[in-house]
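What follows draws every value from the coordinates through simple rules; no lab data is involved. Nothing here was measured: the structure is a model prediction, and the numbers come from that model. Virtual Cβ from ideal backbone geometry, glycine too; neighbours counted across all protein chains shown.
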């Protein structure tokens, strides 16, 4: 029997294979069809019906199940829902076991969450550091305010951790995003965001 985190290695291999066979177009179609529209239908239904409250229900349950060691923080304020992931169990498994087939396993999250949010009228600001740490802020698409909450909201801004920005770290950033095509990469981005 396969353990739940062993699944991550197979998942990651599948991403690389799909991209080799059909490029980023096929891979993004897979994330949208297989995750957003199939395995995470319940997330779509909750968020479509309940908005920010649905986000809190979905991620409250999911993060508690996947990260019971409290490797995350959730902040809810009017008009924004934020997650700070301090220790992603999926990416952590891949790193601990030296598994790397796809160039950015973390992109699958925005690959299914982005289209889901777009359909429900939300956009995402997000960064990940390829080391099992990231943050997300979801807002209504019509909300022009996209200054990140960070430490001012939760006191648990993942970007304040010393390991957020290592010597060879590249930060991938998504601003007002609804999919992986919004990615920009810049090693100085994380430091500028905290200034």
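Quick rundown of the values:
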| quantity | calculated |
| --- | --- |
| Exposure proxy order (Cβ contacts within 10 Å, fewest to most) of 125, 168 | 168, 125 |
| Least to most buried among 20, 82, 76 (fewest other Cβ within 10 Å first) | 20, 76, 82 |
| Ascending count of other beta-carbon atoms within 10 Å, so fewest first, for 58, 105 | 58, 105 |
| Relative frequency of Cα-Cα separations exceeding 26 Å in segment 6-194, percent | 27 |
